[in-house]
Amino acid sequence: MSVATVSQTAMAGQDTTARAGRDESARLGFRLTLPAQILVLFIAVFPLLMQLYISLTDWSPLSGRNWWMAWESWNSFYNYYDLMQDNRFWGALWRTFVVMIVCVPVEFLLGLGLATLFADDFRGKRVFYSILLMPMMVVPAVAGYMFFMLFQSGGPVNDVLSTLLGTRVAIAWLSDPTLALVAVMIADIWQWTPLMFLILLAGLVGVPQDQVRAATLLGAGPWQRFVTIVIPKMKTIIIIALAIRVIENFKIFDTLYIMTGGGPGVATETISVYIYKLTTQDLIWGYVAAIALAILLVLSVVTIWAMKRMAAAREVQA
Amino acid sequence: MKRSVSFELFRYAAILLALAVTLIPILWMVSMAFKPVGEWSATGADLTWWPQNPTLSNFRFIFGQSDSSLIVALDRTAMKPILSSLLSASFGTLIAMTAGTAAAYGLSRFGSGQNLPLALTQLRLFPPMAVMIPVMIMWAFLKLTDTWWGLALVYGIVTLPFAFWLMKTFFDDMPREIEEAGLVEGCSRWRVFTRITLPMMRAPLASAALFVFILNWSDYLIALLLTTREWVTVPVYMASLSSSMTGQLYGAKAALGLIAAVPPVIMGIAIQRHLVRGLTFGALKQ
Amino acid sequence: MTDLMRMSRRRLLATGGKAALYAGAIGIAPKFIRPGRAYAADALAPGMIGGPTGFEGAERYQYGAETPEGRAIEAAKQLKASGVDRIVLGLSDGSIGQLTQPFPAGAPSIKELWERETGITLEIVGVPNGQEFTKTMQDISTRGGAYDIYAVEWNRLGDLAETGGIIKLDDFVEKHRPEWDDPETGYVGGAKGVSLLNQYRGSTYGVSLDGDFQTWVYRTDLFNDPAEQKAFKDRYGYDLAPPRTWKQLDEIGMFFHRPDNGLLGSTDIRNQGWGYTNWYQRYVSMGSPNQFLFDDDGRALINSEAGIAATQEYIDSLAYKSPDAISWGWPEQYGNFANGGAAMTCAFSNLPKFLDNPANADSKVTGKIGSMLPPGREVDGGLVRRSVLWLNLSASISSQAKNPEACYALLQWLGSARIYAWMTANPGGYFDPFRLSDFSDPLVRQTYHAYHMDVVRETVERTVPTINYPGATAFHNALDENLVAALTKSKTAEQAMADTEREWQRIARRTGEDKLLEAIRTNKEAWPTIIDPIG
């Protein structure tokens, strides 16, 4: 997402060196970035090496050995081979993507819709705005418990549906594989649409009004103006908003785990939930390490590719 | 721009619908927090939307004054978890903001640490669950398990990317002229940073810090794995309310949830304006 | 076991308003509330060196020097003299009350009594329910040292023993002689019972503190109603009585299943995490004397005709359950039963304690509950009726404990005939009766009902242990998830069993097959052999 800034920085570095010595700047710059570098190395080096090591073994805390003795249960690449055939892993990965592919666009569209409604002034705007942002402030674990109760078959959601439809609705949301997934997606959408709304509204307000007005004079209708001027002007903001949600949504755990625990069966088991279960219940830590490294590899490739592309796109624009 | 009446009607209708959807879960939490045991009825047909006999017993309960209707006495109150959450989230924020601000400035002004944008993005992208095993082992080795400072350290690291990106946005946006004036007057680079830049950035710093605080405050997963008894945080403690006593203590949970929502809501309102600017990561030019 | 009460209580509270459980629990107590006038506060019966005082009948729980309790206390006193002054016991949050609340009125609490007699402080640290194993494993794998004693589900003994995180108790057992196999007061099944509950691969690693034998109950008012009896006989051609076979259970379940009138056939649980105990009962009774889970070479036997048939029955029996059955846990089950919403169910042994209780004003089934043995199957000319032991907290000593012997003394004392009976009778607690002495103890029989205790004792003799060897959690989770998938029709019974078998193979390979084999064989030795006559 930083795209915006990578190239600028390089330039900034150059034009400020005119007055102060290059050495002083370089030294201070190094020192300033040092703490962050140390923290990153601290959390990256040991965990990576350790995961790499135990991912080649059957090591588990149940083995009664310390982890550095893991070589005693060396299994070469069996964990990775296992991973290829682990249906639960692929299922969890697939579900994680399904949740993402549904939630992020829905959050985006709802957020964009609300943002357009809030683009100009009207009575009550500030109050409504504050209320709409509230879900973001609710601790996800708490939201999980609330949605768990809301979706009980005798709970408020069914009560509302019953009133609307005029007939008694008693859907067992959380015990049906499909509906449980729908329920956790609704919870995610409830919690995170406000963030989309917040960011997109900021972007919308920032669209230069003169161009919109010019288009109006040229006879463009509202929809046309929206598609041809507003959306392209918001492109970067939209990408940032989507990127934030894609990144955070991929890790979905708290609310979902409290609502369903990944169930019924494995119907709502996402990648984080699956790893959590393997870590705390099955305790096959060598295998977990293999999964973690596989995910890390894929994510790194995707990130590097995405950042390169965005940087390239920026250069073309500039 | 004047809008037609039908548009105004549509706007209010749509917003009211959105408000209703937004508010139902929140109002449910508020309502639950004041319901006596007999009205919890998480399941079953006897659904009550509003407390018939509002009570403060849920609040009294989590602070150790159990009355007979809740039967079981808590062997620890919510005080320590609240303290734990406050300490770990605050110090985690401090770590993230200190390292993040310094690094953002270093990169923004001197071009140091070109690897950080990618490294930090990856750090944020990676599910924490997948590195928890080595972290648990490291933390145990360093005697950091089940301490608020150990938790604060992890929080500082996982929210570092946000602190970094937010601050970098603010630094990139900041006009350079003032800093350069400082340099002309003979200040060192460091002095310019601490005496001129940082004071000017007070508001953005505060808003970034509050945002990072909310992220830390919200965590459930990390605390679940890194605390055991002394320093469990509010969400972990809340989960133990679900199972520990007499089943799901929904009222107590809602009461605690309400209390847990107070800091983020206050802060959220306070930083709204800056948050918008920060979260758009500089893409929004005034 | 803790889960049981914690959940049942919630529902009781929900349905019943204020103090359903409070009443349920304390309501048993009135008879004991008056402190025994004849007993001075601290007087022990002649010849006794310790035990509770201050209530009528307290002498039953007092002990002399040459008893397991007496030896434990004496050992602890000596250790105290040599400098031991504190033991940290990690215990499920919900179970703590049983050790800290005095019962009956006038008595000290367990903790008070221990501290008074030995001078060693007993620090009890709550562990969130359901997190016992996770927290214990964390303490072991990270060398946290937060507890001296872990209280974990019994199934995990093998896992824990293999980690080296808990210690072998053999030397202590030999030295202090707990007499767990006493034919009068000891474990059901004598040495075999001890081996099942406390041992792994021939060594003692734990001390049982619970009795989670799944027990069946039914509604006497419905079964004794002449109109129902006649209607039933007309339809099925035999007399309405508590079912002896699964087929009868299904038929009686269908007969009473009238959801429009708020009555369900049978509410034995089908949810994730609990339901598979009911699959177990149907599966293990497929063979005579038992249908095992693994053969002696460690090959899984579930992906077989027996496994598929049991799974199919498990799914089909949803027909006489709530549409929400897949999400019903204990709270819903108990609440529904209290409301008179079911004809039969299978639960932990304390259901009658709470629901057949005059003090529980919200229970509609007071005086209307009967207990029965688990249904079975006719195999090779005999009737195989099997229940299942599952969950069941047992305590183990951490290898990081500072004073393992003092910890052991505490456990020998807690799990002894006299102290355990006194503790299990305490309605504020979650530990259920399991020793022979418990079943005949007047205080326990008062709390749990005499009619029920006799059936529970019989059930214990027909109880199959769940998987308790290394990998237990992983094995059960794999089974559980596939069963739920079958219940939700995401998989067929055949697929569910085939997938479970495949996952079990993976787990077995990771756990180490040689380790498993021995554990499987030991586990099998504890399986019941009792066969009932047909008809």
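What is the distance in Å between the Cα centroid of region A:64-128 and that of region C:474-535?
31
Given a 1.4 Å probe and no ligands, DNA or RNA in the count, how much accessible surface is buried by A and B, both sides, to the nearest 100 Å²?
What A and B bury together is about 9300 Å².
Calculate the radius of gyration of the Cα atoms of region C:406-535 to one decimal place, then report Dmax, the largest Cα-Cα distance, as a whole number, both in Å.
19.7, 53
Most fluctuating residue of A:ILE239, A:ILE304, A:ILE54 in a GNM of chain A with Cα springs under 10 Å: which is it?
Looking only at A:ILE239, A:ILE304, A:ILE54, the largest GNM fluctuation is found for A:ILE304.
If a/c stays under 1.5 just call it rounded; otherwise compare a/b with b/c (prolate if a/b is bigger, oblate if not). Do that for region C:156-212, with a ≥ b ≥ c from the square roots of the Cα gyration tensor eigenvalues.
oblate
What are the ³J(HN,Hα) couplings of region C:238-243, residue after residue, when phi is run through the Karplus curve with 6.51, -1.76, 1.60 and θ = phi - 60°? Round to Hz, x for glycine and proline.
Couplings: 9, 6, 6, 7, x, x Hz.
Mind telling me which of A:GLY124, A:GLY261, A:GLY91 comes out most flexible in a GNM of chain A, alpha-carbon contacts under 10 Å?
Among A:GLY124, A:GLY261, A:GLY91, the largest GNM mean-square fluctuation belongs to A:GLY124.
Given a Förster distance of 25 angstrom, what is the FRET efficiency for C:ALA105 paired with B:THR77, based on the Cβ-Cβ distance and rounded to 0.05?
Approximately 0.40, to the nearest 0.05.
About its Cα centre, how strong a charge dipole does region B:78-283 have in debye, to the nearest 20, once Lys and Arg get +1 and Asp and Glu get -1 at the Cβ?
In debye, rounded to 20, region B:78-283 gives about 120.
Going Cα to Cα from A:LYS125, which lysines come in below 23 Å? Please leave out same-chain ones fewer than 8 positions away.
Answer for A:LYS125, where 23 Å is the Cα cut-off: B:LYS2, listed by chain and number.
Once you charge only the Cβ atoms, +1 for Lys and Arg and -1 for Asp and Glu, what is the size of the charge dipole of chain C about its Cα centre, to the nearest 20 debye?
Result for chain C is approximately 940 debye, rounded to the nearest 20.
Evaluate region A:86-283: find the radius of gyration of its Cα atoms, find its Kirkwood radius, and give the ratio Rg to Rh.
Value, to two decimals: 1.06.
Hey, can you list the residues from region A:227-253 whose accessible area shrinks by 30 Å² or more with all protein chains present, relative to the chain by itself (probe 1.4 Å, no ligands or nucleic acids)?
Correct list: A:ILE237, A:ILE240, A:ILE244, A:ILE247, A:GLU248, A:LYS251, A:PHE253.
How about region B:171-215: which GluC sites (Glu not before Pro) there lie in a loop by DSSP and see at most 15 other Cβ atoms within 10 Å?
B:GLU185
Taking all protein chains as present, what is the carbon and sulfur share of the accessible area of region C:74-190, in % to the nearest whole number, probe 1.4 Å?
45
What does the charge count near C:ARG462 come to, summing +1 for each Lys or Arg and -1 for each Asp or Glu among other residues with Cβ under 11 Å from its Cβ?
Net local charge, C:ARG462 excluded: 0.
Go through A:LEU49, A:PRO264, A:PHE118 and say which Cα lies farthest out towards the positive end of the charge dipole of chain A; charges sit on Cβ, +1 for Lys and Arg, -1 for Asp and Glu.
A:PHE118
With the other protein chains left in place, how much accessible area per residue, in square angstrom, belongs to chain C at a 1.4 angstrom probe?
On a per-residue basis, chain C sits at 32 Å².
With θ set to phi - 60°, apply the Karplus curve 6.51 cos²θ - 1.76 cosθ + 1.60 along region C:186-201 and write out the HN-Hα couplings as whole Hz, x wherever there is a Gly or Pro.
So the Karplus estimates, Gly and Pro as x, are x, 6, 4, x, x, 4, 5, x, 5, 4, 5, 7, 10, 10, 9, 6 Hz.
Could you work out how far apart the two model spin labels at A:LEU217 and B:LEU94 are, taking each label as a point 7 Å from the Cα in the direction of the beta carbon, and quote it in nm?
Going by the 7 Å Cα→Cβ label model, 5.8 nm.
More than 21 angstrom separation, counting every C-alpha pair in region B:78-283; what % is that?
58
As a quick test, which of the pairs A:LYS251/B:LYS253; C:LYS77/C:LYS111; A:LYS277/C:LYS515; C:LYS247/C:LYS524; C:LYS192/C:LYS353; B:LYS80/B:LYS143 have an alpha carbon distance above 18 angstrom in this structure?
Violating the 18 Å limit, Cα to Cα: A:LYS251/B:LYS253; A:LYS277/C:LYS515; C:LYS247/C:LYS524; C:LYS192/C:LYS353; B:LYS80/B:LYS143.
Put a dot 7 Å past each Cα toward the Cβ at A:GLN224 and C:SER82; how far apart are the dots in nm?
9.6
Would you mind getting me the FRET efficiency between C:GLU184 and C:GLU518? Use the beta-carbon distance for r and R0 = 30 Å, nearest 0.05.
E between C:GLU184 and C:GLU518, to the nearest 0.05, is 0.40.
Sum -39500 (n - 2.57) across every DSSP H segment of at least 4 residues in chain C, then divide by the residue count to get the 222 nm mean residue ellipticity, nearest 500.
Value at 222 nm, helices only: -13000 deg cm²/dmol.
I want to check the label-to-label distance for B:SER4 and C:ILE534. Put each point 7 Å from Cα in the C-beta direction and report it in nm to one decimal.
With each label point 7 Å from Cα toward Cβ, the separation is 8.3 nm.
Within region B:110-140, which residues have the backbone N less than 11 Å from the label spot 7 Å out from A:PHE46 along Cα→beta-carbon, could you tell me?
From region B:110-140, the list is B:134-140.
Output needed: percent of Cα pairs per 20 Å distance bin for the protein assembly as shown, bins running from 0 to the one holding the longest distance.
Here the calculated profile for the protein assembly as shown is 11, 40, 33, 13, 3, 0.
Given R₀ = 45 Å, what would the calculated FRET efficiency be for A:SER130 paired with A:ALA306, taking r from the Cβ atoms and rounding to 0.05?
0.85
Divide by every residue of chain A the summed helix terms, -39500 (n - 2.57) for each DSSP H run of at least 4, and state the resulting mean residue ellipticity at 222 nm, rounded to the nearest 500 deg cm²/dmol.
So the calculated ellipticity at 222 nm is -23500 deg cm²/dmol.
Mean projection of the alpha-carbon convex hull of chain C over all orientations, in nm²?
With the hull built on Cα positions only, its mean projection is 24.0 nm².
Indicate, rounded to the nearest 5 percent, the antiparallel portion of the DSSP beta bridges found entirely in the protein assembly as shown.
65
In Å², rounded to the nearest 100, what is the total accessible surface buried by chains C and B against each other with a 1.4 Å probe?
Chain pair C/B: roughly 2500 Å² of buried accessible area.
Can you give the direction-averaged projected area of the convex hull of the alpha-carbon atoms in region C:170-272, in nm²?
10.7
Working out 0.36 nm times the residue gap between B:ARG202 and B:ARG60, then minus their Cα-Cα distance, what length gain in nm do you get to one decimal?
Contour length minus Cα-Cα distance gives 47.2 nm.
Skipping prolines and chain starts, which residues have an amide H placed within reach, meaning under 5 Å, of the one on B:THR228, given they are 5 or more residues away or on another chain?
The answer is B:ASP146.
Tell me the per residue accessible area of region B:160-222 using a 1.4 Å probe; a whole number in Å² is fine.
About 37 Å² of surface per residue is accessible.
Amide H to amide H under 5 Å from C:PHE213: which residues, 5+ apart in sequence or cross-chain, H placed 1.01 Å off N in plane?
Correct list: C:SER349.
Would you mind counting up the charge near C:TYR276? Only other residues with Cβ under 13 Å from its Cβ, with Lys and Arg at +1 and Asp and Glu at -1.
Charge balance in the 13 Å sphere: -1.
Hey, got the dipole for the protein assembly as shown? About the Cα centre, +1 on K and R Cβ, -1 on D and E Cβ, debye to the nearest 20?
Once rounded to the nearest 20, the dipole reads 4020 debye.
So who's got an amide H within less than 5 Å of the one on A:VAL169, skipping anything under 5 residues away but keeping other chains? H placed 1.01 Å off N, in plane.
Excluding prolines and chain starts, which carry no amide H, the hits are A:SER162.
If you roll a 1.4 Å probe over region A:30-181 with all protein chains in place, what percent of the accessible area is carbon or sulfur?
About 71 percent, which is the carbon plus sulfur part of the accessible surface.
Taking each residue of A:262-274 in turn, how many C-beta atoms of other protein chains fall within 10 Å of its C-beta, and what is the average?
Taking the mean over all residues of the peptide, I get 5.
The values are calculated or read from the model by the stated rules, or taken from the named source; none is laboratory data. None of these values were measured; they are calculated from a predicted model. Glycine also receives a Cβ, built like all others from the backbone with ideal geometry; neighbour counts cover every protein chain displayed. Only protein heavy atoms, including side chains, enter the accessible area calculation; ligands, DNA and RNA are left aside. Shrake-Rupley method; radii C 1.70, N 1.55, O 1.52, S 1.80 Å.
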